[in-house]
Amino acid sequence: MNTEKISIVIPVYNEEQVLERLFERLVPVMEQMERDYEIVLVDDGSSDRSLEILLRHAGDRIRVVELTRNYGQHAAVFAGFESSSGGIVVTLDADLQNPPEEIPRLVRVMEEGNFEVVGTVRRSRKDSLFRKIPSRIVNAMTKRITGVHLNDWGCMLRAYRRHVVDYMVDTREHSTFIPALATSFAKDVTEIDVAHEERFAGDSKYSLTRLITLHFDLITSFSDFPLKFLFYFGSLLAFLGIGFGIVLVVARLSFGAAWAAEGVFTLFAILFFFVGSQFLALGIMGEYVGRIYREVKKRPPYTIRRIH
Ligand code: UDP
Ligand code: MG
């Protein structure tokens, strides 16, 4: 019999139209599970009546964390992680696109399989094409970057073990992508299919620019490929430049000043040499910057699941 407490963490940003319905559906589900639970709602600086509605429901099992301004979904979830205490933490969107009715199954899969992270794949996803296409690109990219083969990284209905959540909170990273960060601290990760619904009311809070920012965070915080690229590209250019410079000098010496357009080619040779070495220097510096970046992120070099 599993008795671990379950924490549900929900970021809320201008969701006044859906909150009542959210409580109506979520609370009975949690009650039916007949175990200890808490619901942590994070008001991410909403400018509508969301906070007011949340506070009306606040109580023993329902905690409301109020942020001072809008920090974005992932930051809000972090704030929720920090005030949660359950052994299993489930994240959920407020807009009811992820049905709360799937939570018991999510938790069951986690406990039966002894998993550390359980992700979800949205069966017949109900979003606009504008939302789906970037997601598809990101899913493919995230698979490559993290090396973890999950099919759907964007769906926030996910369950995490306490130790994974603690490791994430401890990193104190500013711009990050929670599903990817979590899998970097966990070994036993799996995915289940869940239903997906239309947004209950209101609009998606992600504009194109916010999506781009989020995905840029994902690439830069989980891969140093852009820096490595600079290094490889720089080295290649440097060798080509230096090689070409040498060829010009040799040709100048063997064919005379007339061939080399009276010194112009020599100037080119010198130029190529310096441009090449500059790129190389930039690449080496990039490598160091990459190392500094890894250090300041302060991700733990290893994470312990349990000591036997
Ligand atoms: N959200 C948030 N802060 C933001 C943007 C969104 O807390 O700055 C919350 C929002 O209230 C919702 C969840 O994050 O609970 C997902 O947002 P949305 O449904 O707009 O995203 P989409 O489903 O389009 O990915
Ligand atoms: Mg949504």
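The values are calculated or read from the model by the stated rules, or taken from the named source; none is laboratory data. On a predicted model such as this, the values are computed, not experimentally measured, just so you know. Note: ideal-geometry Cβ built from the backbone for every residue, glycine included; neighbour counts use all protein chains shown. We work out accessible area using only protein heavy atoms, side chains counted, and drop any ligands, DNA or RNA first. Shrake-Rupley method; radii C 1.70, N 1.55, O 1.52, S 1.80 Å.
General observations
- The residues in segment 163-222 that are in contact with a Gly (Cβ under 6 Å, 6 or more places away or on another chain) and either over 20 Å from Asp152 (Cα atoms) or in a helix (DSSP H, G or I) (or both) can be counted, and the count is 0.
- When segment 39-61 is limited to residues that are buried (at least 19 other Cβ atoms within 10 Å of the Cβ), more than 11 Å from ligand 1 (Cβ to nearest atom) and outside any helix (DSSP H, G or I), the one that is nearest to the chain's Cα centre (by Cα) turns out to be Val40.
- Of all residues in segment 62-101, those satisfying the criterion of being away from ligand 1 (no atom under 11 Å from the Cβ), assigned to a loop (DSSP other than H, G, I, E, B) and not β-branched (Val, Ile, Thr) are Ser83, Ser84, Ser85, Gly86, Gly87, Pro99.
- Within segment 272-307, the set of residues being in contact with a Ser or Thr (Cβ under 8 Å, 6 or more places away or on another chain), outside any helix (DSSP H, G or I) and farther than 13 Å from Ser221 by Cα comprises just one member, Pro300.
- Residue match in segment 54-72 (condition: touching an Asp or Glu at 6+ places or on another chain (Cβ under 8 Å) and on the phi > 0 side of the Ramachandran plot): yes
- Residue pairs whose Cβ atoms lie under 8 Å apart, sitting 6 or more positions apart in sequence or on different chains, and linking a residue in segment 114-141 that is closer than 21 Å to Phe216 by Cβ and open to solvent by less than 60 Å² (accessible area, probe 1.4 Å) to a partner that is away from ligand 1 (no atom under 15 Å from the Cβ) and among the small types (Gly, Ala, Ser), do not occur here.
- Pairs with Cβ under 6 Å, 6+ apart, first in segment 17-33 and more than 13 Å from Arg56 (Cβ to Cβ), second of a type in the set (A, V, I, L, M) and in a helix (DSSP H, G or I): Val29/Ile103
- Any hit, segment 210-219, residues being in contact (Cβ under 8 Å) with a residue 60 or more places away in the chain, open to solvent by 60 Å² or more (accessible area, probe 1.4 Å) and within 16 Å of ligand 2 (Cβ to nearest atom): yes
- Scanning segment 73-94 for residues that are open to solvent by 10 Å² or more (accessible area, probe 1.4 Å) and either touching a Gly at 6+ places or on another chain (Cβ under 8 Å) or within 24 Å of Asp203 (Cα to Cα) (or both) yields Gln73, His74, Ala75, Phe78, Ala79, Asp93.
- Residue among Phe244, Phe229, Phe222 that is surrounded by fewer than 13 Cβ atoms within 10 Å (Cβ to Cβ) and at negative phi: Phe229
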